[in-house]
Amino acid sequence: MNNFSIALKSSNDLVVIMPKGYVNDLGAERLESTCEQFFNKGIRKVVINFSDMQYLNSIGASVFTGMVQKTLEYKGLLCFTNIKKIHLDVFNMLGITKHVKVFKEELEAINFLKGKK
């Protein structure tokens with residue numbers, strides 16, 4: 001069950017990261033690293049589209065707190081989209097959603113971020 005990959009879509013100041021498969025500790029660390037790479041390039045607007053994420057274990061979920069921390073350090077904006085209720089419940093419980101905008105669809109998040117300077 002270690003089938004994990006990341007797809008990316010980026011434009012000038014925005015990146016959409018799409019994890020696919022099973023997000024365990026290694027997968028979440030790859031997500032965090034990918035996010036930080038874009039921050040280092042000057043991109044501060046990040047959307048994570050969870051539509052192809054099948055499973056999320058507790059260690060994988062906790063690594064998302066690191067992503068939130070990096071986003072705050074870089075004064076970025078992080079949005080989650082297409083997230084299953086069970087995963088959203090976990091992120092709510094961990095307090096992650098206090099620092100992340102959650103949207104039903106990717107386009108909603110992109111439009112929101114395009115309106116931010």
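The values are calculated or read from the model by the stated rules, or taken from the named source; none is laboratory data. From a predicted model like this one, the values you see are computed outputs, not experimental measurements. In this analysis, Cβ positions are derived from the backbone assuming ideal geometry, glycine residues included, and neighbour counts consider all displayed protein chains.
Summary table below
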item	result
Check on PHE4, among the hydrophobic types (A, V, I, L, M, F, W, C) and touching a Ser or Thr at 6+ places or on another chain (Cβ under 6 Å)	no
Long-range neighbours under 7 Å by Cβ, at least six apart or interchain, first residue within 13 Å of GLN69 (Cα to Cα) within segment 29-40, second in a helix (DSSP H, G or I) and of a type in the set (Gly, Ala, Ser)	GLU32/GLY66
Qualifying residue in segment 102-112 (condition: within 17 Å of ALA28 (Cα to Cα) and either modelled with pLDDT of 90 or more or not in a strand (DSSP E or B) (or both))	no
Residue match in segment 28-36 (condition: of a type in the set (A, V, I, L, M) and touching an Asp or Glu at 6+ places or on another chain (Cβ under 6 Å))	no
Number of the condition not met by SER58 [criteria: (1) under 14 Å from the mean Cα position of the chain (by Cα); (2) of a type in the set (Ser, Thr, Tyr); (3) surrounded by fewer than 16 Cβ atoms within 10 Å (Cβ to Cβ)]	(1)
Matching residues in segment 74-94 - criterion: being free of Cβ contacts under 8 Å to residues at least 12 places away in the same chain, more than 18 Å from ASP52 (Cα to Cα) and of a type outside the set (S, T, N, Q)	MET93
Options GLY95, GLY42, GLY115: the member that is touching a helix residue (DSSP H, G or I) at 6+ places or on another chain (Cβ under 9 Å) and at pLDDT below 95	GLY95
Qualifying residue in segment 85-94 (condition: surrounded by fewer than 16 Cβ atoms within 10 Å (Cβ to Cβ), β-branched (Val, Ile, Thr) and farther than 24 Å from LYS116 by Cα)	yes
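Table: residues versus (1) at pLDDT below 90; (2) β-branched (Val, Ile, Thr); (3) part of a strand (DSSP E or B); (4) touching a strand residue (DSSP E or B) at 6+ places or on another chain (Cβ under 8 Å).
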site	(1), (2), (3), (4)
ASN12	yes, no, no, no
LEU31	yes, no, no, yes
GLN54	yes, no, yes, yes
THR65	yes, yes, no, no
CYS79	no, no, yes, yes
ASP89	no, no, no, no
